[in-house]
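S.K.: One structure coming up, written as structure tokens, with questions to follow.
None of the figures in this text is laboratory data; all of them are computed from the coordinates on show. This one's a predicted model, so the numbers in the text were calculated from it and none came from an experiment. Cβ coordinates were reconstructed from backbone atoms using ideal geometry, including for glycine residues, and neighbour counts include every protein chain displayed.
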Amino acid sequence: MTTHFYTASSLDGFLATPDHSLHWLLEQDIDEHGPMHYSAFVEGIGALAMGASTYEWVLAHDDGPWPYSQPTWVFTHRALPVPAGADVRFASGAVAPVHEAMTAAAHGKDVWLVGGGELVGQFADAGLLDQIWVQFAPVTLGAGAPLLPRALDLEVIETARNRSFLCGRYRVRGPLPPAGP
């Protein structure tokens, strides 16, 4: 079982604009069956987690039914609606006990940390982040929600181009060691 952070980013390292918009991402050209695309990735996912802002964005911008069949944990301190038929569970506090529940619910499949970056950073801080997949879009935002506000040491596992996107998959080695004297 592997815990992944699979996401898209602007070239300057932002997941969303300061007002949480993804309009820049949705305008990009991608091959739905190309390398490192979402459809192949999500087949191996058994459970997922996201922060409240990501959850609210999905609710506001997805016109159909809840897009995930997997159990979904949403980290929040607020009461939020649950779409009909969705297996959504709310959590707050330490990520380790939630990760344990996610792993059990995944039944041998992998875990996906959808975002945002700060939530994923908490999993990294707890040693519970194994891989990071980033599809870099050919745009710069200048500001917004950072990709991952942590200093991590990574190893490149795979790279590819999927039309407009430069895609990379990285193994998390651990926290970036502090600089020497």
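S.K.: If only one of 54, 17 is of a type outside the set (A, V, I, L, M, F, W, C) and within 26 Å of residue 172 (Cβ to Cβ), which one is it? Reasoning before the result, please.
M.R.: Values: 17 fails: within 26 Å of residue 172 (Cβ to Cβ).
The unique qualifying residue is 54.
S.K.: Among 74, 111, 172, 120, which is buried (at least 19 other Cβ atoms within 10 Å of the Cβ), touching a residue at least 60 places away in the same chain (Cβ under 8 Å) and in a strand (DSSP E or B)? Steps first, please.
M.R.: Working: 74 fails: touching a residue at least 60 places away in the same chain (Cβ under 8 Å); 172 fails: touching a residue at least 60 places away in the same chain (Cβ under 8 Å); 120 fails: in a strand (DSSP E or B).
Exactly one residue qualifies, and that residue is 111.
S.K.: Any residue in the range 83-101 that is under 26 Å from residue 127 (Cβ atoms) sitting within a Cβ distance under 8 Å of a residue that is surrounded by fewer than 14 Cβ atoms within 10 Å (Cβ to Cβ) and aliphatic (A, V, I, L, M)? List the pairs, counting only those 6 or more apart or interchain.
M.R.: Every condition considered, the pairs that remain are 90/80; 94/126; 95/126; 96/126; 99/126.
S.K.: If you don't mind, another one. In the range 129-169, what residues are surrounded by 17 or more Cβ atoms within 10 Å (Cβ to Cβ), closer than 26 Å to residue 34 by Cα and small (Gly, Ala, Ser)?
M.R.: Those that are surrounded by 17 or more Cβ atoms within 10 Å (Cβ to Cβ), closer than 26 Å to residue 34 by Cα and small (Gly, Ala, Ser): 137, 168.
S.K.: Scan 106, 79 and give me the residue that is of a type in the set (A, V, I, L, M) and more than 22 Å from residue 20 (Cβ to Cβ). Lay out the reasoning, then the answer.
M.R.: On the way: 79 fails: more than 22 Å from residue 20 (Cβ to Cβ).
It is 106.
S.K.: Please state which one of 90, 41, 5 is assigned to a helix (DSSP H, G or I), within 24 Å of residue 128 (Cβ to Cβ) and aromatic (Phe, Trp, Tyr).
M.R.: On the way: 90 fails: assigned to a helix (DSSP H, G or I); 5 fails: assigned to a helix (DSSP H, G or I).
Of the residues listed, the single one that is assigned to a helix (DSSP H, G or I), within 24 Å of residue 128 (Cβ to Cβ) and aromatic (Phe, Trp, Tyr) is 41.
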